[in-house]
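Everything on this sheet refers to the single structure shown next.
The values are calculated or read from the model by the stated rules, or taken from the named source; none is laboratory data. None of the values given here were measured: they were computed from a predicted structure. Cβ: placed from backbone, ideal geometry, glycine included. Neighbour counts: every protein chain shown.
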Amino acid sequence: MLEIHSIDGRNCPVITCDMCGECLDHVGAAAVVFQNFSPPGSKLRLLHVHKGSIDGKTCHREAEALLGTDGAAVGWQEMRAFLTDLISNAGFPPADALDYESRHSPE
Ligand SMILES: [Zn+2]
């Protein structure tokens with residue numbers, strides 16, 4: 001889930017795990033689980049989760065079970081790839097994001 005958290009007086013966008021509610025603050029330990037193999041034009045439900053069983057988490061497996069009820073096909077994508085695709089599909093290619101970050105990050 002996308003949320004805004006107030007941290008040290010600043011509004012900070014974060015992604016939280018849809019299964020356990022904790023912040024997903026390590027991109028390599030996060031994934032997106034979604035319904036898969038749907039007709040073209042479908043809008044698919046997705047869940048942001050802790051990936052695999054890193055640190056003993058079961059969020060990934062729980063999300064696959066939740067979306068796969070009734071035998072529905074379920075897929076998943078590494079959070080790193082998902083975020084890259086997401087900002088590209090929003091018209092903000094990763095190269096532009098790097099340029100923006102270099103011009104707007106606090107010193
Ligand atoms: Zn989790």
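Taking the conditions exactly as written (within 16 Å of the ligand (Cβ to nearest atom), part of a helix (DSSP H, G or I) and small (Gly, Ala, Ser)), does Ala97 satisfy them or not? In short, no.
Ile4 passes every criterion in (1) at pLDDT 95 or above; (2) surrounded by 12 or more Cβ atoms within 10 Å (Cβ to Cβ) apart from (2). Scanning the range 11-33 for residues that are of a type in the set (D, E, K, R) and closer than 21 Å to Ala72 by Cα yields one hit, Asp18. Scanning the range 48-57 for residues that are touching a residue at least 12 places away in the same chain (Cβ under 8 Å) and assigned to a loop (DSSP other than H, G, I, E, B) yields Lys51, Gly52, Lys57.
Residues being under 17 Å from Glu78 (Cβ atoms), within 13 Å of the ligand (Cβ to nearest atom) and of a type in the set (S, T, N, Q): count how many of those fall in the range 34-65. Result for the range 34-65: 1. Summed over the range 6-33, the residues that are within 11 Å of the ligand (Cβ to nearest atom), outside any strand (DSSP E or B) and touching a residue at least 12 places away in the same chain (Cβ under 8 Å) give a count of 7.
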